[in-house]
Amino acid sequence: MTGIILLAGALWIAFSAAPDQGGSAQGLQTAPQEGFLAPDFTLQDLNGQTYTLSDLRGQAVLLNFWATWCPPCRAEMPAIAQVYEDYREQGFLVLAVTADDTRADAAAFAAEYDLPFPILTDSSATAARAYRITSLPTSFFITPQGIIQKVVIGGPMSEAGIRANVEGLLK
Amino acid sequence: MFPILHLGPLAIQAPGFILLVGLWLGMSLAEKHSLQFGVKKEHISSIVLAAAFGGLLGARLVYAAEHPDLYLTHPLSLLSLDNATLSVWGGAGGALLGALIYGQRKSLPWAAMLDALSPLLAVMGVALPLANLASGNGYGAPTNLPWGIELWGATRHPSQVYEIIAAAFILMDTWPSYGIEPPRPAGRTFWRFLAWTAGARLFLEGFRGDSTLWPGGIRAEQVLAWGVLALSLWVLGKLRETEAAKRESAPIASRERQT
């Protein structure tokens with residue numbers, strides 16, 4: 001009986017084998033989930049410069065959703081800024097997206113923390129909806145090929161954790 | 001998907017909350033029935049605590065060992081509350097080690113202990129796919145079947161629901177009953193639970209959309225489950241042989257005592 005069960009199991013493994021899609025079973029569909037293509041968006045930063053995510057292929061991106069009223073978001077910003085400064089020359093970019101703040105509030109926060117990366121305002125919550133943001137902060141680590149490698153819901157992230165993920169993106 | 005539960009001003013991460021409730025329910029069930037397996041109630045909570053502590057320690061230390069340069073320059077990050085900097089395998093190894101150390105120190109009977117912990121493991125077997133249903137993890141492969149669910153941009157097998165149903169059956173099979181003799185031989189409850197769980201994983205992994213693929217599209221989780229199933233069936237076979245040998249020798253022994 002044991003032999004029959006194990007033989008049936010082995011046959012099922014062979015029968016249910018997934019087509020090879022580059023090491024993952026989900027293929028290249030778009031979704032705000034690890035292993036999927038990052039949903040595209042176009043937003044402006046505080047200086048009016050336009051950023052389209054799909055135009056940033058070739059760069060590793062940390063997409064961080066935050067708000068000025070969110071304590072863990074504020075707590076992790078200095079660590080994100082430090083990691084950005086250390087890896088920007090290697091092709092790392094941070095896009096910090098706020099859907100809940102006015103431009104003035106976001107600008108004051110960026111000035112207070114001396115944030116060196118673009119702060120994008122998402123007043124219509126287009127990007128927040130595309131990424132199904134339900135709590136802040138939420139961070140997406142996106143490979144140069146545009147695939148989400150890691151999603152971190154909640155915070156604050158530690159500097160070591162951010163560095164580990166960024167190094168993973170730049171490998 | 002319901003990743004966040006909003007209770008008034010509180011936003012609770014649903015998957016973590018479900019796992020915590022599962023742990024509490026599972027421990028309550030295991031403690032309630034531990035004596036049936038010949039294990040003291042307090043050993044259940046103590047061994048779970050030792051496993052949790054070992055798991056947390058192992059998860060962080062292995063993660064740090066994987067990124068030694070980062071933690072040598074930022075050693076305080078070892079104490080960070082950042083749950084994204086934990087290693088799953090480190091956690092599993094640490095939990096096992098924590099439980100082993102506690103069991104050795106208390107000289108616990110391992111087979112009986114594993115039996116007594118099986119209800120807890122079976123409840124967690126239900127809680128885990130439920131947490132995955134909340135977070136959207138553990139999603140299914142695309143399908144055209146009428147019961148497919150919309151998730152991550154496609155109609156998919158509700159693999160989390162399949163796993164909840166399978167785990168519920170396994171929980172019913174593992175559920176301890178009052179008023180019966182302790183299962184003999186010791187260890188049978190655990191290995192039976194493990195065999196069912198590995199069998200369910202082997203079958204249901206075929207409907208998952210997030211499997212780790214080996215060359216030829218072979219799903220790594222299925223191969224691992226097949227190995228665990230083979231081991232479990234082998235141990236169950238050995239336990240049956242031992243039990244049969246005992247039954248055969250028992251009448252002889254009693255006859256010898258009478259003479």
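The values are calculated or read from the model by the stated rules, or taken from the named source; none is laboratory data. Since this is a predicted model, take the numbers as computed values, not measurements. In this analysis, Cβ positions are derived from the backbone assuming ideal geometry, glycine residues included, and neighbour counts consider all displayed protein chains. All accessible areas refer to the heavy atoms of the entire protein, side chains included, with ligands and DNA or RNA removed. Shrake-Rupley method; radii C 1.70, N 1.55, O 1.52, S 1.80 Å.
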Verdict on residue B:119 being closer than 28 Å to residue B:40 by Cα and touching a residue at least 60 places away in the same chain (Cβ under 8 Å)
yes
Any chance residue A:116 is within 13 Å of residue A:37 (Cα to Cα) and in a loop (DSSP other than H, G, I, E, B):
no
Of the criteria (1) open to solvent by 60 Å² or more (accessible area, probe 1.4 Å); (2) closer than 27 Å to residue B:210 by Cα; (3) of a type outside the set (Lys, Arg), which one residue A:142 fails
(1)
Selection count, region A:17-53, where residues are at pLDDT 95 or above and within 7 Å of chain B (Cβ to nearest Cβ):
0
Condition first: in a helix (DSSP H, G or I) and either within 18 Å of the chain's Cα centre (by Cα) or within 11 Å of chain A (Cβ to nearest Cβ) (or both). Can you find one or more residues in region B:80-87 that meet it?
no
Residue selected from region A:136-171 under the condition assigned to a loop (DSSP other than H, G, I, E, B) and out of contact with any Cys (no Cβ under 9 Å at 6 or more places or on another chain), by the criterion nearest to the other protein chains (Cβ to nearest Cβ):
A:158
Go through region B:128-144 and report how many residues are at positive phi and either facing another protein chain (nearest Cβ under 9 Å) or at pLDDT 95 or above (or both).
1
Residue identified as open to solvent by 70 Å² or more (accessible area, probe 1.4 Å), within 12 Å of chain A (Cβ to nearest Cβ) and aromatic (Phe, Trp, Tyr) among B:147, B:175, B:152, B:214
B:214
From the list A:72, A:118, which residue is of a type outside the set (D, E, K, R) and closer than 19 Å to residue B:82 by Cβ?
A:72
In region A:41-65, the residues that are among the β-branched types (Val, Ile, Thr) and either open to solvent by less than 60 Å² (accessible area, probe 1.4 Å) or in contact with a helix residue (DSSP H, G or I) (Cβ under 9 Å, 6 or more places away or on another chain) (or both)
A:42, A:52, A:61
Tell me, please, whether a residue that is crowded, with 17+ Cβ neighbours inside 10 Å, within 14 Å of another protein chain (Cβ to nearest Cβ) and at pLDDT 95 or above can be found in region A:114-122.
no
Please go through region A:119-135 and pick out each residue that is β-branched (Val, Ile, Thr), in contact with a helix residue (DSSP H, G or I) (Cβ under 7 Å, 6 or more places away or on another chain) and either closer than 24 Å to residue A:90 by Cβ or assigned to a loop (DSSP other than H, G, I, E, B) (or both).
A:119
What pairs can you find where one residue is in region B:29-48 and within 17 Å of residue B:122 (Cα to Cα), the other is open to solvent by 60 Å² or more (accessible area, probe 1.4 Å) and modelled with pLDDT under 95, and their Cβ atoms are less than 7 Å apart, with a gap of 6+ or different chains?
B:31/B:41; B:34/B:40; B:34/B:41
